[in-house]
Amino acid sequence: MSDPKRTWIKSPLYIYAPEQSQPVTGLVVCGNTIETLLFNNQPPETRCDSVFDASGLVILPGLINTHHHFYQTLTRAWAPVVNEPLFPWLKTLYPVWARLTPEALHLATQVAMAELLLSGCTTAADHHYLFPQGLDDAIDVQVDVVKQLGMRAMLTRGSMSLGEDDGGLPPQHTVQTGVAIIRDSERLISQYHQRHDGAHIQIALAPCSPFSVTREIMQESAMLAKREDVRLHTHLAETLDEEDFCLQTFGMRTVDYLESVGWLSDRTWLAHGIHFNAEEIARLGAAGTGICHCPVSNMRLASGICPTLDLIAAGSPVGLGVDGSASNDASNMMYEARQALYLQRLKYGAEAITPEKVINWATAGSASLLGRSDIGVIAVDKQADLAFFSLDDIRFSGSHDPLAALILCGAERAEHVMIGGQWRVTNGAVNGLDMASLLARHKAAAAKLVSG
Ligand SMILES: [Zn+2]
């Protein structure tokens, strides 16, 4: 085998590496990891095969999105639900989503992942819980796209098992039996879940929400996750409607329900996590349960504001997620970090919520939700997942602090993105992807899906 190639990332405007005691002025990527950090504008001591001139560019660790529903890119800004809160929004969309085909899911996943990638995102979690007839291989379809784009993904095998006939929210024809869900989950873990540093594909188990799955599937998923050592993910405490549902159906609040089914642990990360009282926050923190903050979705559906700083103080890791494109409607991690800063300032004040804090949530915080220590920071021996942003645009003109400029002036698009030492975005375009053709096919699939 030949030696891995070395690339010198030379003379960037700024590198975000807050754990270092002095400014990082360059770095060397060797193979798929960061080999050396450079200081004081010193050149590398080792010979490099190539030099990448990063003049004028701000470098962040690749952003990590910890909650999405890729398929929802087909139902963005759909008029019947533009102004609906969660429960009626879901009830109107379920029958549309139930018509999803493998071809449409493939296109939707490509669009969502490419859009994330262009925003500087290198790792994405998707929560896919729709398995209508003919779409048994939904996660396999997504695996294809992850490989094609060279991104990292945590594909969570979602599920719905509590239909309307049994007191749940989704229509009966969109739910699966517990046996089918567990069998497919076992298959996906053994077929795709990678356990090594630098993993590109991982699987987690993700029953959809308290109002769409049975207690049994929550319990069985927790047992399977423990046995297979994979992570657990679900929606929790998103709205007060959900809290009412739990009180009426299970006779308990959301965190009590979570604990009663064996999920209150550091194996679990939850999307939203808004409606917790102080005692519940203390219990989540003590358990180390992670929370994915989804500010745009929470604002669009008027769900509420996640108590991020209280959760962190209690011991819960906090990361960021864009949530599905039917409630955001963008898949853009920089946009999400910016909105997190503004929304959280309304709750905690300007001084408490800094650009550094929201970038940390979008990187290291998100990495910890996914149980990963090999990504999320720029440091020696970590994966070379890097997002490069140019400040050469009207929106940054007159700005001073480069990191604050990215968030406050609203950087939305990365100039270049590297994942595991490979260039995946160059000059603002996804390498190897015919975007015009993809968008034409995706638009046609979206039109077909909503028209029935
Ligand atoms: Zn969601």
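The values are calculated or read from the model by the stated rules, or taken from the named source; none is laboratory data. Not measured: the values here are computed from a predicted model. Cβ placement follows ideal geometry from the backbone for every residue including glycine, while neighbour counts extend to all protein chains displayed.
Okay, here's what the table says:
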item: Residues of region 251-306 classified as out of contact with any strand residue (DSSP E or B) (no Cβ under 7 Å at 6 or more places or on another chain), of a type in the set (Phe, Trp, Tyr) and outside any helix (DSSP H, G or I), total; result: 1
item: Residue under evaluation residue 403, criteria (1) part of a helix (DSSP H, G or I); (2) away from the ligand (no atom under 16 Å from the Cβ); (3) within 20 Å of the chain's Cα centre (by Cα), criterion not met; result: (3)
item: Options 60, 38, 90, 74: the member that is away from the ligand (no atom under 16 Å from the Cβ) and touching a residue at least 40 places away in the same chain (Cβ under 8 Å); result: 60
item: The listed residue being within 16 Å of the ligand (Cβ to nearest atom), over 27 Å from residue 81 (Cα atoms) and either within 15 Å of the chain's Cα centre (by Cα) or among the polar types (S, T, N, Q) (or both), out of 270, 320, 232; result: 232
item: Region 368-391, residues that are buried (at least 24 other Cβ atoms within 10 Å of the Cβ) and among the small types (Gly, Ala, Ser); result: 376, 384, 387
item: Test result for residue 253, over 27 Å from residue 358 (Cα atoms) and not aromatic (Phe, Trp, Tyr); result: yes
item: Single condition residue 184 does not satisfy, out of (1) in contact (Cβ under 8 Å) with a residue 24 or more places away in the chain; (2) among the acidic types (Asp, Glu); (3) within 23 Å of residue 241 (Cβ to Cβ); result: (3)
item: Of residues in region 1-20 being of a type in the set (Gly, Ala, Ser) and more than 14 Å from residue 378 (Cβ to Cβ), the one surrounded by the fewest Cβ atoms within 10 Å (Cβ to Cβ); result: 2
item: Test for residue 300: is it surrounded by fewer than 22 Cβ atoms within 10 Å (Cβ to Cβ), in the same structural domain as residue 237 (by TED's automatic domain parsing) and not hydrophobic (A, V, I, L, M, F, W, C); result: yes
item: Residue within region 40-54 that is in a loop (DSSP other than H, G, I, E, B) and touching a helix residue (DSSP H, G or I) at 6+ places or on another chain (Cβ under 8 Å) present; result: no
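Conditions (1) assigned to a loop (DSSP other than H, G, I, E, B); (2) within 25 Å of residue 319 (Cα to Cα); (3) hydrophobic (A, V, I, L, M, F, W, C), marked per residue:
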{"site": "100", "(1), (2), (3)": "yes, no, yes"}
{"site": "105", "(1), (2), (3)": "no, no, yes"}
{"site": "108", "(1), (2), (3)": "no, yes, yes"}
{"site": "114", "(1), (2), (3)": "no, yes, yes"}
{"site": "127", "(1), (2), (3)": "no, yes, no"}
{"site": "130", "(1), (2), (3)": "yes, yes, yes"}
